[in-house]
Amino acid sequence: MSKTLHNGLEVLELLVTQPGGLTLTEIAEGIGVHRTVAHRLVRTLEAHHLCRRDRFKRITLGAGLVRLAEPVEQDLRTLARPVLEELTETAQASAHLVVREGPDQVRMLMIVEPRQARMHVSFRTGQLDPIDRGSAGLALLAAGPPREGERSAVTLARERGYAVSSGEIAPGITGISAVVPTGREDTSIGLSLFDAPDPEELGQLVVKAARRLGDQLH
């Protein structure tokens with residue numbers, strides 16, 4: 001593994017968590033390197049427009065990341081958007097597309113928010129969460145074979161065909177998710193909302209949307 005590349009990626013990952021930016025010293029401390037090393041890393045990232053400095057010399061992510069990210073899962077996002085838009089408007093709740101990121105995490109790939117609802121849940125696109133917390137990860141785990149010691153929520157999700165969680169990703173937020181049936185069990189879609197008076201009805205709505213997206217991906 002290239003240590004320099006590893007450190008550079010750590011700088012970007014650190015900046016993702018700090019939208020207000022960081023000083024060079026804070027970056028050095030954050031990834032555990034000397035300030036001189038941090039300076040070289042930041043200069044290299046600046047040269048590729050992956051980070052930038054404001055007039056107060058605070059370092060933030062750069063616009064070059066948008067160009068790099070655009071092709072990522074482009075086909076999936078293109079097909080998923082109209083499905084999520086229909087789901088969010090029907091349920092009047094935020095709809096999300098989540099993909100598995102390795103054995104232990106999931107990543108929020110897309111979120112579509114309702115246009116007419118007075119209040120709605122909002123998450124940051126790209127955020128990582130543990131796979132065993134939140135409806136999206138639970139749904140993905142439920143798509144696999146039963147495992148010894150698995151959470152009862154996973155077992156229940158396998159029986160229902162969709163997963164429900166409450167307050168696991170954010171306090172007071174209910175999540176309802178189902179796996180997109182593509183044969184890979186690495187993608188789920190769902191809803192995030194403040195109140196779910198009828199989880200079963202919403203669960204069936206999510207399952208129907210997941211199947212629709214799965215048919216388009218085959």
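The values are calculated or read from the model by the stated rules, or taken from the named source; none is laboratory data. Not measured: the values here are computed from a predicted model. Ideal geometry is used to build each Cβ from the backbone, glycine not excepted, and the neighbour counts take in all protein chains shown. Heavy atoms of the whole protein, side chains included, go into the accessibility calculation; ligands, DNA and RNA do not. Shrake-Rupley method; radii C 1.70, N 1.55, O 1.52, S 1.80 Å.
Each of the peptides 48-57, 134-143, 160-169 was scored by the mean count of other Cβ atoms within 10 Å over its residues; in descending order, highest first, they stand as 134-143, 160-169, 48-57.
For the pair K57 and E89, the difference between a 0.36 nm per residue extended length and the Cα-Cα distance amounts to 7.3 nm.
Think of a 1.4 Å ball rolled over the protein heavy atoms: the chain then has 58 Å² of accessible area per residue. For segment 1-159, a simple Cβ point-charge model (Lys and Arg +1, Asp and Glu -1, everything else neutral) yields a dipole of about 760 debye relative to the Cα centre. When you count the other C-beta atoms within 10 angstrom of each residue and take the mean per peptide, 92-98, 80-86 line up highest first as 92-98, 80-86. From the P(r) of segment 138-218, can you give the percent of Cα pairs sitting at distances over 15 Å? The answer is 54 percent, as a whole percent.
The helix-based estimate of mean residue ellipticity at 222 nm for the chain, built from -39,500 (n - 2.57) per DSSP H run of four or more residues and divided by its residue count, is -13500 deg cm²/dmol to the nearest 500. Each peptide in 59-65, 209-215 was scored by the mean count of other Cβ atoms within 10 Å over its residues; highest first, the order is 209-215, 59-65. The length gained on full extension between R124 and E200, counted as 0.36 nm times the residue separation minus their Cα-Cα distance, comes to 24.7 nm.
For the pair R211 and Q105 in one chain, pulling the backbone fully straight at 0.36 nm per residue adds 35.9 nm over the alpha carbon distance. Per-atom-type breakdown for the chain gives carbon and sulfur 51% of the accessible area (1.4 Å probe, protein chains only).
Rounded to the nearest whole Hz, the Karplus-based 3J(HN,Hα) values (6.51 cos²θ - 1.76 cosθ + 1.60, θ = phi - 60°) of segment 6-22 follow the sequence 4, 5, x, 5, 5, 4, 5, 5, 5, 5, 4, 7, 10, x, x, x, 9, with x at glycine and proline. Evaluate E = 1/(1 + (r/R0)^6) for T182 and R81, where r is the Cβ-Cβ distance and R0 equals 22 Å; express this FRET efficiency to the nearest 0.05. Step by step, r from the Cβ atoms, then E = 0.85. Placing dummy labels 7 Å off each Cα toward the beta-carbon, the span from H6 to H49 is 3.1 nm.
Under 5 Å between amide hydrogens, built in the peptide plane, is the criterion, and for S94 it picks out V121, S192 among residues at least 5 positions away or on other chains. Other residues within the sphere of radius under 12 Å centred on the Cβ of G30, judged by their own Cβ, net out at -3 (K and R +1, D and E -1). A simple spin-label model places pseudo-atoms 7 Å from Cα toward Cβ; at T25 and R115 they are separated by 4.9 nm. For T60, the shell of other residues with beta-carbons less than 13 Å away shows a net charge of +2, using +1 for Lys and Arg and -1 for Asp and Glu.
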